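Report on one structure; see the data block that follows.
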Amino acid sequence: MSYGLTLEQVRQINHPAPLHVAWGSITACTQMPQYGFYRIGLLAGAVQPLHFHPSGPYQLFVEKGEIIVRILDKDGNISAGTVRAGTLLTLPLYSVYSLASHEDAVVYFFGPHSDEGLQSLQVETQEAAVETASHLFSRKPGIIGQPTTDVREKYWGRIETILSNDVAGKRILVRKGGQSSLEFHVEKRETYYIHSGFLKLGLRIGRAENHSIVLGPGDSYDVNPGVMHMRMALEDTVIIEASTRDCDADSYLVEDGQTYRHIEIDSKPSIIEKQEQPA
């Protein structure tokens, strides 16, 4: 539980730096040992060489744009498909594949933790990949992948389940001015990555002390079991969440976000604010 934790123990914001490559960038969104969570940025007109990951399997979720996936099977045959935004594609262990896009695109990967990160082994040159992709760009391969499931509209925004396994993922929209309830988990470990917008994350620690931190685009925050937290959007904000297995029974409500006001320990509420606090 979070009782007794200090602000310094829970306020750490991650600022993961992207690794820039010829076709875009790779960002390790967290260093949590329970799962791997990566952001892939594809430049318009760029293409990855065919490659595979020694670790895996991975689930690929397209957040922005539309991508073309080439897949090389064990018999040496290549197939291709188009994955639209809001769609999930499973990449089995040792899948040999390549991503390309007509436009700037953003893809998130969910899978097992690896000390080496999203390590890749190429099986073709960049030049060969570009030549092959030029033919794919001239025709649009068929649609593949699955849309998100379990979409829940909330008074503050929306939650979409991307995947729900030992490694879970969600897409969370918090509308400007919206706030979720204050809650904590006993088992679940989760990471918020800010895809867009600005989020004020309310925390209750120590002897019921309220604090907050602000996360912007490209920031991430790891929420450990027992840490009481709530989401408050300073503008429309999209969060991509990775976590250990998710279960509604492991979400414990502390304060109802529809009536609660998160007044911080180092602020001095006015008499009116005190009066407006629910009993």
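Filtering region 6-33 down to residues that are hydroxyl-bearing (Ser, Thr, Tyr) and either crowded, with 18+ Cβ neighbours inside 10 Å or farther than 19 Å from residue 49 by Cβ (or both), which residue is modelled with the lowest pLDDT? Talk me through it step by step, then tell me what you get.
First, the residues of region 6-33 that are hydroxyl-bearing (Ser, Thr, Tyr): 6, 25, 27, 30.
When the remaining residues are screened for being either crowded, with 18+ Cβ neighbours inside 10 Å or farther than 19 Å from residue 49 by Cβ (or both), the result is 6, 27, 30.
On the way: 6: 81, 27: 98, 30: 97.
The selected residue is 6.
Given the conditions (1) within 19 Å of the chain's Cα centre (by Cα); (2) in the same structural domain as residue 130 (by TED's automatic domain parsing); (3) exposed (fewer than 14 other Cβ atoms within 10 Å of the Cβ), and given that residue 86 satisfies all but one, which numbered condition is not satisfied?
Exception for residue 86: condition (3).
Consider residue 203 carefully, then state whether it is over 25 Å from residue 38 (Cβ atoms) and touching a residue at least 60 places away in the same chain (Cβ under 8 Å). Don't jump to the end; show me each part of the working.
Values: over 25 Å from residue 38 (Cβ atoms): yes; touching a residue at least 60 places away in the same chain (Cβ under 8 Å): yes.
The answer is yes for residue 203.
Take region 7-60 and flag every residue that is under 21 Å from residue 94 (Cβ atoms), polar (S, T, N, Q) and part of a strand (DSSP E or B).
59
In the list 131, 116, 127, 63, which residue meets the criterion of being modelled with pLDDT under 95 and under 24 Å from the mean Cα position of the chain (by Cα)? Spell out how you get there, then give the answer.
On the way: 131 fails: under 24 Å from the mean Cα position of the chain (by Cα); 127 fails: under 24 Å from the mean Cα position of the chain (by Cα); 63 fails: modelled with pLDDT under 95.
Result of the check over 131, 116, 127, 63: 116.
Quick one: which residue in 197, 218, 206 is at pLDDT below 95 and on the phi > 0 side of the Ramachandran plot? Even if it seems obvious, please write down each step before you answer.
Values: 197 fails: at pLDDT below 95; 218 fails: at pLDDT below 95.
Testing whether each residue is at pLDDT below 95 and on the phi > 0 side of the Ramachandran plot leaves just 206.
The rows are residues; the columns are (1) under 23 Å from residue 37 (Cβ atoms); (2) among the acidic types (Asp, Glu); (3) touching a Cys at 6+ places or on another chain (Cβ under 8 Å).
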{"position": "104", "(1), (2), (3)": "yes, yes, no"}
{"position": "113", "(1), (2), (3)": "yes, no, no"}
{"position": "124", "(1), (2), (3)": "no, yes, no"}
{"position": "166", "(1), (2), (3)": "yes, yes, no"}
{"position": "181", "(1), (2), (3)": "no, no, no"}
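Residues of region 62-96 being assigned to a loop (DSSP other than H, G, I, E, B) and acidic (Asp, Glu), which ones? Working first, answer last.
Filtering region 62-96 down to residues assigned to a loop (DSSP other than H, G, I, E, B) leaves 65-66, 73-77, 84-86, 92-95.
Those that are assigned to a loop (DSSP other than H, G, I, E, B) and acidic (Asp, Glu): 66, 73, 75.
Quick one: which strands (runs of 3 or more DSSP E) sit completely within region 135-204 and have at least 1 residues that are under 14 Å from the mean Cα position of the chain (by Cα)?
Details: elements: 149-153, 157-164, 167-174, 182-184, 190-196.
By residue number, 157-164, 167-174, 190-196.
The values are calculated or read from the model by the stated rules, or taken from the named source; none is laboratory data. Just so you know, these numbers come straight off a predicted model, no measurement behind them. Heads up, the Cβs are rebuilt from the backbone with ideal geometry, glycines too, and the neighbour counts pull from every protein chain shown.
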